[in-house]
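Following: one structure in structure tokens, then a few remarks.
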Amino acid sequence: RAQVAALIGASPKEIVFTSGATESNNISIKGVMHFYKDKKRHIITTQTEHKCVLDSCRHLQQEGFEVTYLPVGSDGLIDLDRLVKEIRPDTGLVSVMAVNNEIGVVQPVEEIGKICKEFNVPFHTDAAQALGKIKVDVEKWNVSLMSLSGHKIYGPKGVGALYLRRRPRIRVEPQMNGGGQERGIRSGTVPTPLVVGMGAACELAMKEMEYDENRIKGLQERLLNGIREKIDGVLVNGSMDRRYVGNLNLSFAYVEGESLLMGLKEVAVSSGSACTSASLEPSYVLRALGVDEDMAHTSIRFGIGRFTTEEEIDRAVELTVKQVEKLREMSPLYEMVKEGIDIKQIQWAQH
């Protein structure tokens, strides 16, 4: 507990172990709203949250709670003035993720925390992708609840944690009933081996964070520059300055994302988030950014981490470039663009 708490600037007493960030998000959103349901009936979140936050909100909507889904700009960030406007006397929770899992943008959590403090609304943040990667500080961010995940920081899968503020105290209704472990908030035997693994991963992350970030930043630049040197029509999705360096979400014009994935068999990349990769719908996160439907279908997410090597980056660049060139070679659209035809102006006829 102390190892996890140290990484986020909390007290060990504020750490509750769960099965992962999905459960922590469920406890935070449903738990807070159910506990304060007599006075508070409104939640504010964003359109680009992780599936488990959006689904928890939808679940509450079916129970009669009201949810405001804040839009994001083309950089993936929310508008703080809009947040202030949406807060009502019956707003029970503001839930905004720290680092987006698909596009890596970092929301202005500190400013959001200030606004929540001013209006006296509890602030929850899904920090699964932020922990151990950017500096996380529960005091500076003024969060009441924070969701954390073990495997995102190289710990075991199947374990996570929930930070629950003690002063001012935030209360939640437990989502799991039973023997009253974890101060009654999360019944069920605590999986000691997993928890020990997560603690160790947090301790390591604390030592390695700065080194990791510098190294990964170099690799990210190597990847992006390597690809851009050889092909045009490459777009980075999300803000370039406010992002976590280990996530690079790229759209390649005139290339279909799934075909690109199939050609990149030896590179572990994904289109959209890992959780929704089975569906062919373009990513809802990219749609929220206002990325054109055709560009959203061409996006690939590259993840760079502690164990990624320069050789792997160079191989990824080589394979990506080769595959994009091969697919563009086959694309009549790309040919038309090279001839200077504006594709958007074409009237496509139905036969």
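The values are calculated or read from the model by the stated rules, or taken from the named source; none is laboratory data. Please read all numbers here as calculations on a predicted model, not as lab measurements. Reconstructed Cβ throughout: ideal geometry from the backbone, glycine too, with neighbour counts over all protein chains shown. We work out accessible area using only protein heavy atoms, side chains counted, and drop any ligands, DNA or RNA first. Shrake-Rupley method; radii C 1.70, N 1.55, O 1.52, S 1.80 Å.
Counted as qualifying within region 116-204 are the strands (runs of 3 or more DSSP E) with 3 or more residues that are closer than 13 Å to GLY20 by Cα, namely 145-149, 160-164. For TYR163, the requirement of being surrounded by 23 or more Cβ atoms within 10 Å (Cβ to Cβ) and either aromatic (Phe, Trp, Tyr) or modelled with pLDDT under 95 (or both) is met. Applying a threshold of 8 Å to beta carbon distances and a minimum spacing of six or more residues, or different chains, the list of pairs starting in region 200-211 at a residue that is farther than 12 Å from ALA6 by Cα and ending at one that is of a type in the set (Lys, Arg) and surrounded by fewer than 19 Cβ atoms within 10 Å (Cβ to Cβ) reads GLU208/ARG306; MET209/LYS135.
Scan region 303-351 residue by residue and report those that are at pLDDT 95 or above and loosely packed, with under 11 Cβ neighbours inside 10 Å. Result: PHE307, THR309, GLU311. When LEU131 is tested against (1) surrounded by 24 or more Cβ atoms within 10 Å (Cβ to Cβ); (2) in contact with a Gly (Cβ under 7 Å, 6 or more places away or on another chain), only condition (2) is not met. Taking the criterion of being open to solvent by 20 Å² or more (accessible area, probe 1.4 Å), part of a helix (DSSP H, G or I) and modelled with pLDDT of 90 or more, the residues of region 225-258 that qualify are ASN225, ARG228, GLU229, LYS230.
Taken over region 289-302, residues that are open to solvent by 20 Å² or more (accessible area, probe 1.4 Å) and either part of a helix (DSSP H, G or I) or of a type in the set (Phe, Trp, Tyr) (or both) amount to 3.
Evaluating SER149 against the criteria (1) over 28 Å from ALA288 (Cα atoms); (2) out of contact with any Asp or Glu (no Cβ under 8 Å at 6 or more places or on another chain); (3) buried (at least 23 other Cβ atoms within 10 Å of the Cβ) leaves one unmet condition, (1).
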